[in-house]
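Engineer: Please see the structure below; I have some questions.
The values are calculated or read from the model by the stated rules, or taken from the named source; none is laboratory data. All figures in this text were calculated on a predicted structure; none of them were measured in a lab. Don't worry about glycine lacking a Cβ; one is built from the backbone with ideal geometry, like all the others, and counts go over all protein chains shown. Ligands, DNA and RNA are excluded from the accessible area calculation, which covers all protein heavy atoms including side chains. Shrake-Rupley method; radii C 1.70, N 1.55, O 1.52, S 1.80 Å.
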Amino acid sequence: MVPRPYRGRFAPSPTGLLHAGSLSTAIGSYLEAWVHGGEWWLRIEDLDPPREMAGAADAILRTLDAFGFEWQGELAWQHDRHELYRAALAQLIAQGHAYGCACTRKEIAAAGLRGPDGMVYPGTCRHGVVAGREARAWRLRVPDAELAFDDRLQGRYAQQLQHDIGDVVLLRADGFWAYQLAVVVDDIAQGMTDIVRGADLLVSTPRQLWLRQCLGGAPVTHCHLPVLTNAAGEKLSKQTLAPAIDAANVALQLRQALAWLGHPVPADVQTRDEIWQWARQNWQLGRVPAGPIVLA
């Protein structure tokens with residue numbers, strides 16, 4: 001079987017502005033695509049309007065442009081892709097992979113089953129919604145089996161999906177599409193071959209691989225880059241008040257991000273374009289640390 005040409009992507013959510021952690025992920029995914037002679041696409045994951053920050057999407061695009069990122073393919077917005085998600089859910093329902101669920105968060109929490117990514121759904125509605133209640137959400141049936149994969153940076157990672165995660169929400173009770181469905185459908189539709197993203201999403205990968213399998217998607221590889229944390233060990237994010245990157249000081253921030261990723265830039269490489277040229281010539285995934293990077 002002839003290998004598919006490399007195609008990767010960066011998929012920020014406009015719930016806030018880009019910060020140092022998202023910049024390092026963008027750099028790593030971009031350079032991985034570059035050294036493999038592949039394409040690097042951009043997708044704005046704007047499916048959660050209540051959490052979105054006004055103007056954030058446009059600010060993200062301006063920042064990426066100021067930092068010299070170049071992407072291929074058509075810029076994708078998840079808000080334009082509802083028909084794809086509806087078709088995927090209909091396929092899963094028709095195949096018996098998805099079912100309606102009437103449970104509330106309070107009821108799930110009361111079951112007391114905790115896993116690596118929050119409360120585990122106990123399977124209450126797996127065999128049908130109890131009489132007198134109506135489905136509020138749609139869920140994906142997951143197997144009572146271990147699902148493992150080899151991450152190109154983190155190594156082997158495995159979950160027993162039913163025990164560790166439980167059946168996965170596809171369409172939320174508030175009517176919004178779940179991230180787990182949208183990201184898999186988009187990656188399949190856009191022909192992604194290699195998923196390079198932050199290690200905070202490692203825990204989501206087994207369920208996404210199962211969903212991809214249910215939808216008949218082609219195999220992909222994964223590479224989860226180290227997350228940046230504050231001194232308290234918290235991942236940099238809007239919730240931890242991570243400051244936005246400053247497009248007025250691009251070269252310095254590129255140098256910092258590359259150093260965190262195990263690629264310190266020589267002192268005589270100064271400008272933005274010189275830094276990119278050096279990074280493209282010297283990038284090696286083997287130099288990137290796997291564990292979290294703690295910022296002082």
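Engineer: Kindly report, to the nearest 10 Å², the accessible surface of D150 as traced by a 1.4 Å probe over protein heavy atoms only.
Structural biologist: Roll a 1.4 Å probe over it and D150 shows about 120 Å².
Engineer: Then there's this: Around A137, which amide H atoms from residues at least 5 apart in sequence, or from another chain, sit under 5 Å from its own amide H, with H modelled in the peptide plane?
Structural biologist: Result for A137 returns C101.
Engineer: Now, a different point. Please find, in a Gaussian network model of the chain (springs between Cα atoms separated by less than 10 Å), the residue of E45, E74, E32 whose mean-square fluctuation is greatest.
Structural biologist: It is E74.
Engineer: Under the rule a/c < 1.5 gives rounded, and otherwise a/b versus b/c splits prolate from oblate, where does the chain land using the Cα gyration tensor?
Structural biologist: prolate
Engineer: Local charge sum around W278 (other residues, Cβ-Cβ under 13 Å, Lys/Arg +1, Asp/Glu -1)?
Structural biologist: Taking every Cβ under 13 Å from that of W278, the sum is 0.
Engineer: Report, to the nearest 10°, how far helix 82-94 tilts away from the longest principal axis of the Cα atoms in the chain, using its own Cα long axis and a range of 0 to 90°.
Structural biologist: Value to nearest ten degrees: 40.
Engineer: Separate question: Apply the a/c threshold of 1.5 to the C-alpha gyration tensor of the range 9-77 and tell me whether it is rounded, prolate or oblate.
Structural biologist: Judged from the Cα gyration tensor, the range 9-77 comes out prolate (a/c at least 1.5, a/b above b/c).
Engineer: In addition: Helix 56-66: angle to the longest alpha-carbon principal axis of the chain, degrees 0 to 90, nearest 10?
Structural biologist: Result, in degrees: 30.
Engineer: Let me ask you something else. Show that you can apply the helix-only estimate: for the chain, add -39,500 (n - 2.57) for every DSSP H stretch of four or more residues, divide by all residues, and state [θ] at 222 nm to the nearest 500.
Structural biologist: Taken over the chain, the calculation gives -9500 deg cm²/dmol.
Engineer: The range 59-81 to the range 168-219: how many Å between their Cα centroids?
Structural biologist: Cα centroid of the range 59-81 versus Cα centroid of the range 168-219: 20 Å apart.
Engineer: Can you give the angle from 0 to 90° between the axis of helix 272-282 and the longest principal axis of the chain, with both taken from C-alpha atoms, to the nearest 10?
Structural biologist: Once rounded, the angle reads 70 degrees.
Engineer: Here is a follow-up. On a C-alpha basis, how far is the centre of the range 226-281 from the centre of the range 136-158 in Å? Whole number, if you could?
Structural biologist: Here the answer is 31 Å between Cα centres.
Engineer: Using a 1.4 angstrom probe, figure out how much accessible area the range 163-278 has per residue, in square angstrom, rounded to the nearest whole.
Structural biologist: Averaged over the residues of the range 163-278, the accessible area is 40 Å².
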